[in-house]
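Following: one structure in structure tokens, then a few remarks.
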Amino acid sequence: MSATDPLFVVGALGAAAVLARRARTNVLPMTKTAQLIEAQATRTVPEVSILSDEGAALLDAGAVARAVGEVGQFSFTEGPVWVPAHGAWIFSDIPASEQYSWTLPPAGAEAAGAAAAAGELRLFRKPSANANGNFLDNEGRLLTCEHETRLLTRTVLPPPPPPPPQQQQQQQQQQQQRLSGALADGAQRSVVADACGAKSLTSPNDVVVSRRTGAVYFTDPTYGTLAALGHGNACEQARNAVYRLDPASGGQLVALKLTGAAGQPPQPSFLQPNGLCFGPGEAQLYVADSGAYNPPDCVYTPTDPHHVRVFDLVEGGTALANGRVFCTTPEGAGVPDGIRCDARGNLWVAVATGVDVYSSGGELIAQILTPKTVANCAFGGPDGTDLMMCSCTSVWIMPTKVQGSGDIVRPA
């Protein structure tokens, strides 16, 4: 795959090869970009960089990430979500049109050998319609953004088998908590959203759910209009928007309004709305805009958006007010992609260099530096403090000291 291939450019969203090409044309200063390329070329595993005491409270400097499956075995991964009822993660591989599940290894698996300690990676769905972002709704159903079909879908996952008798528990532990092809066969998939104003959605990208109201919010940029990542057809919507669907109102889909303060001009719209998440308490919504990579050419344009904005949710959650830039992706780090807030109000941002961690006040306090670009991240695991990072052709899990805000639906 070449650096001029749209799949590579969008899939990496700031990967080192793209930055190298841009550096040669002097769009980005060569010194900073060259440092990024050199560092990522030699890095083989994620490394933690602590920049403040606040960052040290979230990550250990010597924390060791584990790989899911084999390093480099995927095409371009996205959409991690923890499924607590099954003790497993689900994530997408967009260009391969696949979704995978990875089940945690059982306690004491290390003693049983490397294979058992690696957990269990299984193909969950193929084809997946170039699935991207995933999230669980408040009933534990899987919401998935699909590029190829231009849909937001819902999959009802069958319940896990009941716990086995005590004397058989160790023998059957892996089977008890398994997502598999059989589970996918038994899952019930339905369409949640396909159009707004009688026009098809463009390519749903990332999705979150209000834990208070059950309302669904998702972004709809144009990256799925590239044939390598989705349907390859023209947009029907007049603008790239963030949408809200409220089950309490009969499932009506609306594009969120952007309103300014009294006497102020309206908020600027999004160029390429990408990752999104709620802050603690859900009074605010963070939205990443990766418009500096804009289809069809996806050439990095530093004058276009490469920032995360934070908004107050108003008018019953149907409008975004008082928007302000929360953070801007640093020079050489591409654009922000997936984002997550932790329970303490810090924002974790997927970027070309890995994951940047910002305090609630917008200060960069820690970084997870990865061998390749991270497209998305999410909190999960048994105690909610593991961070899954979808990093191009690999997937990593990094232990942290904090839980996510709203990531996890606890089993009933």
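The values are calculated or read from the model by the stated rules, or taken from the named source; none is laboratory data. Just so it is clear, the model here is predicted, and its values are computed rather than measured. All Cβ positions, glycine included, derive from the backbone under ideal geometry; neighbour counts span all protein chains shown. Ligands, DNA and RNA are stripped out before the accessible areas are found, and what is left, the full protein with its side chains, is counted by its heavy atoms. Shrake-Rupley method; radii C 1.70, N 1.55, O 1.52, S 1.80 Å.
Under 8 Å for C-alpha pairs, at least 6 residues apart: give me the relative contact order for segment 212-332, rounded to a whole percent. List each step's numbers first, then the result.
On the way: 232 pairs, mean separation 24.4, N = 121.
20 percent.
Between R211 and V254, the modelled labels are 2.5 nm apart [label points 7 Å from Cα along Cα→Cβ].
For segment 231-362, the Cα-based Rg and Dmax, in that order, read 15.2, 45 Å. Placing dummy labels 7 Å off each Cα toward the beta-carbon, the span from R43 to S190 is 4.3 nm. Here the label points at D312 and K199, each 7 Å from Cα along the C-beta direction, are separated by 3.1 nm in the simple model. Note on S200: accessible area is roughly 40 Å² with a 1.4 Å probe, heavy atoms of protein only.
FRET efficiency for N233 and R122, Cβ-Cβ distance as r, R0 = 30 Å, nearest 0.05? Can you show the working numbers first?
Numbers: r = 32 Å, r/R0 = 1.06.
In this case the efficiency is close to 0.40.
A cut-off under 12 angstrom between Cβ atoms defines the neighbours of I368, and their net charge, with Lys, Arg +1 and Asp, Glu -1, is -2. Across the protein chains, with a 1.4 Å probe defining accessible surface, the residues E146, E315 rank E315, E146 from largest area downward. Placing a label point 7 Å from the Cα of D60 along the Cα-to-Cβ line, the residues of segment 388-411 whose backbone N sits under 20 Å from it are 388-389, 396-404.
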